[in-house]
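Q: Attaching a single structure in structure tokens format; questions to follow.
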Amino acid sequence: MRMKILVCVTSVPDTTTKITFTDNNTKLNKAGVTFITGPYDDYALARAVELKEKTGATITVLNVGESDTEPVIRKCLAIGADDAIRVNAEPTDAYFVAEQIAAIAKENNYDLILMGRESIDYNGGQVHGIVGEMLGMPSISPVMLLDIDGDTAKITREIEGGKESLEAKLPLVLGCQEPIAEWKIPNMRGIMTARTKPLKVVEPTGTDKLTTVGSYELPAPRGAVKMIKADEAEMLIQLLHTEAKVI
Amino acid sequence: MSVLIFAELDEGKIKKSSQEAIFYGAKVAQMTGTSATAIIIGQADDTELASAGRFGAAKVLHSSDPKLNEANGMAYATVVAAAAQQEGSNIIVLAKSSLADAMTARLAGKLRAGLAANVIELPDLSNGFRVKSSIYTGKAFAYNDLKADIKILAIKKNTITPEETDATAPVEAFTPALNDSDFVISVKNTEKSSGDILLPEADLVVSAGRGLKGPENWGIVEDLAQALHAATACSKPVSDLDWRPHSEHVGQTGLKISPNLYIACGISGAIQHLAGVNSSKVIVVINRDPEAPFFKSADYGIVGDVFDVLPRLTKAVKAL
Ligand SMILES: Cc1cc2nc3c(=O)[nH]c(=O)nc-3n(C[C@H](O)[C@H](O)[C@H](O)COP(=O)(O)OP(=O)(O)OC[C@H]3O[C@@H](n4cnc5c(N)ncnc54)[C@H](O)[C@@H]3O)c2cc1C
Ligand SMILES: Nc1ncnc2c1ncn2[C@@H]1O[C@H](COP(=O)(O)O)[C@@H](O)[C@H]1O
């Protein structure tokens, strides 16, 4: 039996983006912003592709998002996913997104559901755990190493100040981070075949959001930097002590 | 009714970030006219458990089942959900940590709760339940309206400064039924540096980048950190090159920290690095390149060579 892997991906502003808002601070200003696959989701996909190459698994990519996320989905297909599903909805609430993912997972019995450790827009790091709970499956995050041996996953997870090696039976939901795999770049052949791979669009189940965003705000700029001459470096310690009062 | 706070232990002591969470939860309890209950899981002595009272907990529930000695996000979530039910709590507060991340998600799933992660202020109750959280890796904030009956708030470090009293909280044993399905992950091996200051918990952090040239030069970073009782951190290339362990890597794809003081040594200040540290209260940058972008995000800067400046700073700290 070929293993079935679901990889959940987000479409997020490139990490160099200077974030701004429009519409009275209620909407992200998308003008000039390049959208990329969430960097952690990219790790999840890269490991899935390696497992596919090794064991012949099939990979479905799933995104909860509006139609403007399709370039990111196509890129995942070009990197090596076999097919894709987009749930046509604005992904504003982790619980709502998890409901959509769980609904698709219930229909398809995946052996492995791989996600990023966190999305880089909301940084909740929550969707995998909620999906795990909804499906009655264990969830583990952040996963740094993953090997599959039959129906057992061998995992190294980061913990505060160190790491832990674990074993668990499939099916599992995992939140991935480096160094689980090297990010993959699509090649020409991948890009060509991605155009004809199936991308199914489905409507969301359940519509109520438990959390909504009323408005956004940008951080206040830091005050001017106070420069200290290198040959008076000791002054810094005095200033941290008496002026900033942090030491 | 009460506000329930999960207080996390590290080697038998309530973590500092959890003391902040207890104080935060007690404030929310005051605002909503209820009381604050802390739930503590794992082994700790009675004095430590009762110390939750100093930060505003009116009562402590303690689950000391040996099965829970190892931190297990799924099992801990089951315990906290049971505690929330017993106490009729519709607000649950946790300090953000890797354990808490796993727990909040499982809890939200169990309780169909509205969830705000990276909360940085007390809630605004004037019109519903609104909390401010940090998003886009610290590049922006969101005001979230939590509409579910049960609300879970995961607060960021340094959201609130606890005021301590000398109150002690009564401790009750709490022994809910545990689910076998929460114990299906077997832990084969744990590598943890003990005794060191945990980076996510640290008030002071000394961090270094590729400017240090090689792992053999980290002594000057560690000396300064030690003199300050600070934790050490690093930039991504440094952990990619295996100069330092991955758990020290801060930034967009590493830990996000918000200490009182962040000293960046030989780090250029790429936007992805800043993302992990820009909510630090005070930022110091030491770089020999006056054009290094990090200076634009710093409070104090020294243009100089780390190999000269760091030992001098260490000496000056020792002389304080
Ligand atoms: C998707 C993505 C995610 C990323 N995530 C992260 C992340 O989470 N964290 C992160 O840190 N980076 C991240 N990066 C990488 C980031 O873009 C930078 O490449 C990285 O932060 C640079 O590290 P550095 O400052 O240590 O090294 P460099 O950029 O090489 O800077 C070294 C600095 O040291 C200074 N220097 C050299 N010698 C001395 C000396 N003797 N004394 C004083 N100063 C000296 C130099 O002037 C220079 O400014 C990410 C990149 C991408 C694309
Ligand atoms: N809209 C979405 N569509 C598909 N997967 C998602 C979505 N949002 C989050 N995820 C997955 O859940 C992980 C954790 O996201 P978060 O809880 O938002 O930090 C991400 O890295 C993705 O793998």
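What follows draws every value from the coordinates through simple rules; no lab data is involved. Keep in mind the model is a prediction, meaning the values are calculated, not measured. Here the Cβ positions follow ideal geometry from the backbone for every residue, glycine too, while neighbour counts run over all protein chains shown.
Q: Using 7 Å Cα-to-Cβ label points, what is the B:SER193/A:LYS106 separation (nm, one decimal)?
A: Spacing of the two 7 Å Cα→Cβ label points: 4.6 nm.
Q: Dipole of segment B:199-318, Cα-centred, from +1 at each Lys and Arg C-beta and -1 at each Asp and Glu C-beta, to the nearest 20 debye? Walk me through the numbers before you get to the answer.
A: Details: 11 positive and 13 negative charges, 36 e Å.
Dipole of segment B:199-318, to the nearest 20 debye: 180 debye.
Q: Show that you can apply the helix-only estimate: for chain A, add -39,500 (n - 2.57) for every DSSP H stretch of four or more residues, divide by all residues, and state [θ] at 222 nm to the nearest 500. It would help to have the intermediate numbers written out before the result.
A: Numbers: 6 runs with 67 residues, N = 247.
After summing the helix terms and dividing by residue count, I get -8000 deg cm²/dmol.
Q: Going by a ≥ b ≥ c, the root eigenvalues of the Cα gyration tensor, does segment B:204-320 fall in the rounded group (a/c under 1.5), the prolate group (a/b larger than b/c) or the oblate group? Provide the component values of the computation, followed by the final result.
A: Working: a/c = 1.29, a/b = 1.18, b/c = 1.10.
Taking the square roots of the gyration eigenvalues as a ≥ b ≥ c, segment B:204-320 is rounded.
Q: Residues of segment B:264-280 with amide nitrogen under 16 Å from the 7 Å Cα-to-Cβ point of B:ARG210?
A: B:265-274
Q: Using a Gaussian network model of chain B with C-alpha springs under 10 Å, which one of B:ILE39, B:ILE160, B:ILE135 is most mobile by mean-square fluctuation?
A: Sorting by GNM fluctuation, first place goes to B:ILE135.
Q: On the principal axes of its Cα set, how long, how wide and how thick is chain A? Give whole Å, largest value first.
A: 68, 45, 40
Q: Could you give the alpha-carbon Rg of the protein assembly as shown over 2.2 N^0.38 Å, rounded to two decimals?
A: Details: Rg = 23.3 Å, N = 567, 2.2 N^0.38 = 24.5 Å.
Dividing the Cα radius of gyration by 2.2 N^0.38 Å gives 0.95.
Q: Could you state the principal axis extents of the C-alpha atoms in segment B:10-150, from the largest down, to the nearest angstrom?
A: Between the extreme Cα coordinates on each principal axis of segment B:10-150 lie 41, 28, 28 Å.
Q: Now a separate question. Which value, in debye to the nearest 20, describes the size of the charge dipole of the protein assembly as shown about its Cα centre when Lys and Arg Cβ atoms bear +1, Asp and Glu Cβ atoms bear -1, and nothing else is charged? Each step should come with its number before you reach the end.
A: Values: 58 positive and 71 negative charges, 235 e Å.
Charge dipole of the protein assembly as shown: 1120 debye, to the nearest 20.
Q: If you split all Cα-Cα distances of segment A:60-155 into 10 Å bins from zero, what percentages do you get per bin, shortest first?
A: Spelled out bin by bin, segment A:60-155 gives 14, 46, 36, 4 percent.
Q: Here's a follow-up. What is the Rg over Rh value, at two decimals, for segment B:55-112, using alpha-carbon atoms and the Kirkwood definition of Rh?
A: 0.94
Q: Within 10 Å of each Cβ of A:21-28, how many other protein chain Cβ atoms are there on average? Could you put the intermediate results ahead of the total?
A: Working: counts 2, 0, 0, 0, 4, 1, 0, 3.
Neighbouring Cβ atoms belonging to other protein chains average 1 per residue here.
Q: Give the share of C-alpha pairs in each 10 angstrom bin for segment B:77-179, from 0 to the last occupied bin, in whole percents, shortest bins first.
A: 13, 41, 35, 11, 0
Q: Please give the average number of partner chain Cβ atoms lying within 10 Å of the Cβ of each residue in B:199-209, rounded to a whole number. Each step should come with its number before you reach the end.
A: Numbers: counts 2, 2, 2, 0, 2, 3, 0, 0, 0, 0, 0.
Mean number of neighbouring Cβ atoms from other chains: 1.
Q: Next up: For A:ASP14 and A:LYS154, what is the calculated FRET efficiency with R₀ set at 51 Å and r taken between the beta-carbons, to the nearest 0.05? Spell out each step's value before the answer.
A: Numbers: r = 34 Å, r/R0 = 0.66.
Taking R0 as 51 Å, the efficiency between A:ASP14 and A:LYS154 is 0.95.
Q: Please state the relative contact order of chain A as a whole percent: Cα pairs under 8 Å, 6+ residues apart?
A: Working: 466 pairs, mean separation 59.3, N = 247.
About 24 percent, as a whole number.
Q: Answer rounded, prolate or oblate for chain B, using the Cα gyration tensor with square roots of eigenvalues a ≥ b ≥ c: rounded when a/c is under 1.5, else prolate when a/b is larger than b/c, else oblate.
A: Details: a/c = 1.99, a/b = 1.74, b/c = 1.15.
Prolate, since a/c reaches 1.5 and a/b exceeds b/c.
Q: Same structure, new question: Please work out whether segment B:84-131 counts as rounded, prolate or oblate from its C-alpha gyration tensor, where a ≥ b ≥ c are the square roots of the eigenvalues and a/c under 1.5 means rounded, while otherwise a/b larger than b/c means prolate and anything else oblate?
A: Verdict is oblate for segment B:84-131.
Q: So which lysines pass the test for B:LYS156, namely a Cα distance under 16 Å, with those fewer than 8 places away in the same chain ruled out?
A: Within the straight-line cut-off, B:LYS156 pairs with B:LYS15, B:LYS16, B:LYS27, B:LYS96, B:LYS132, B:LYS139, B:LYS256, B:LYS281.
Q: Then there's this: In the protein assembly as shown, with Lys and Arg counted as +1 and Asp and Glu as -1 at Cβ, which of these residues, B:GLY304, B:GLY33, A:VAL201, has the Cα nearest the positive end of the dipole, that is, farthest along it?
A: The residue sitting most towards the positive pole is A:VAL201.
Q: Relative to 2.2 N^0.38 Å, what does the C-alpha radius of gyration of segment A:11-94 come to as a ratio? Two decimals please.
A: Values: Rg = 14.7 Å, N = 84, 2.2 N^0.38 = 11.8 Å.
Here the Cα radius of gyration is 1.24 times the empirical estimate.
Q: Further, regarding this structure: How are the alpha carbon pair distances in segment B:130-281 distributed across 10 Å bins from zero to the largest one, expressed in percent?
A: Result, from short to long distances: 9, 29, 27, 24, 10, 1 percent.
Q: May I pose another question? Kyte-Doolittle mean at least 0.0 and Cα extent at least 18 Å along the axis: which DSSP H helices of chain B qualify?
A: On the way: long enough: B:16-32 (24 Å, -0.21); B:73-87 (21 Å, 0.55); B:98-111 (20 Å, 0.48); B:306-319 (19 Å, 0.61).
Going by DSSP H runs, the hits are B:73-87, B:98-111, B:306-319.
Q: Ok, one more. Rg and Dmax of segment B:243-289 over Cα atoms: what are they, in angstrom?
A: 10.4, 28
Q: Helix-only mean residue ellipticity at 222 nm, chain B, DSSP H runs n ≥ 4 weighted -39,500 (n - 2.57), per residue, nearest 500. What is it? Don't skip to the answer; put the middle values down first.
A: On the way: 8 runs with 87 residues, N = 320.
Counting only the DSSP helices, I get -8000 deg cm²/dmol.
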